[in-house]
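Student: Here it is: the structure, laid out below.
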Amino acid sequence: MTVIAMSRTEIDRMSVLQDLAACRIKMTEAASLMSLGRRQVFRLAKAYAQRGPAALVSRKRGRPSNRTYPADFRDAAVGIIRERYPDFGPTLAAEKLAELHDIHLARETVRQWMITAGLWKDRRARLKPVHQPRYRRDCLGELIQIDGSEHWWFEGRGPRCTLLVYIDDATSRLMHLQFVESESTFDYFAATRAYLERYGKPVAFYSDKHGVFRVNKKDAIGGDGMTQFGRALHALNIDIICANSSQAKGRVERANGTLQDGW
């Protein structure tokens, strides 16, 4: 069984020609329906009677255009762009090809060749992915976002230090703030203990992928895959969730910015 790919226009023409062959419509009416002249309709009707639906399909379909550049010419142009202008956009690359290499191509041709060669991305591919919002937890104290904000908190009156921020995910309430020299494991131990003694255990802490919270070495072969801080939380039956992007922990990030601006 032969499968014939037809466009919407070709399918509509076939329906009109079938009506014409069955004498349900006249030649003038068929010409009007297909927006063609009588002579064209006559030729199509004759070809359809001889070869069937295949007579309506363009013979150029599936064949390379007569205006297509030779493959070796295209490969040579792309090779020059890859070697000398890999970080250029299509417009500038086309200008350089014409100016320095006597290769005159339309910008759109260069753009399509660069996309095929992986040297350029179209606008849709360059758009940043949309991050789905992570909805707040329902209860106060259920999920606590934690982060360290390094800043000149005391301006010239003291050294640069880090503020450990514990913020409630459900209400954006600042639960605990503690100044430390740096984001170290022992500083997080002390700050977390102070939080737990005052508020009790949350279901989980939500953090970034700092080395205090997650083992970031892919080739690590020893241990149980958890950091010291992670093991301590595991012993207390508290989960640690590491965000995949800064947008995911936006509440604590915004709190850091507010604190820095208003301190």
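The values are calculated or read from the model by the stated rules, or taken from the named source; none is laboratory data. All of these numbers come straight from a predicted model, not from anything done at the bench. Cβ: placed from backbone, ideal geometry, glycine included. Neighbour counts: every protein chain shown. In case anyone asks, the SASA skips ligands and DNA or RNA and just uses the protein heavy atoms, side chains included. Shrake-Rupley method; radii C 1.70, N 1.55, O 1.52, S 1.80 Å.
Student: Just how far, in whole angstrom, is segment 6-46 from segment 137-212 if you go by their alpha carbon centroids?
Tutor: One Cα centre to the other: 76 Å.
Student: Along the Cα-to-C-beta direction of residue 57, a point sits 7 Å from the Cα; which residues of segment 1-32 have their amide N less than 17 Å from that point?
Tutor: Hits in segment 1-32 for residue 57 at 17 Å: 1-15.
Student: Using a 1.4 angstrom probe with every protein chain in place, what is the largest-first accessible-area order of 23, 139, 242?
Tutor: Details: 23 115, 139 75, 242 35 Å².
Final ranking, largest accessible area leading: 23, 139, 242.
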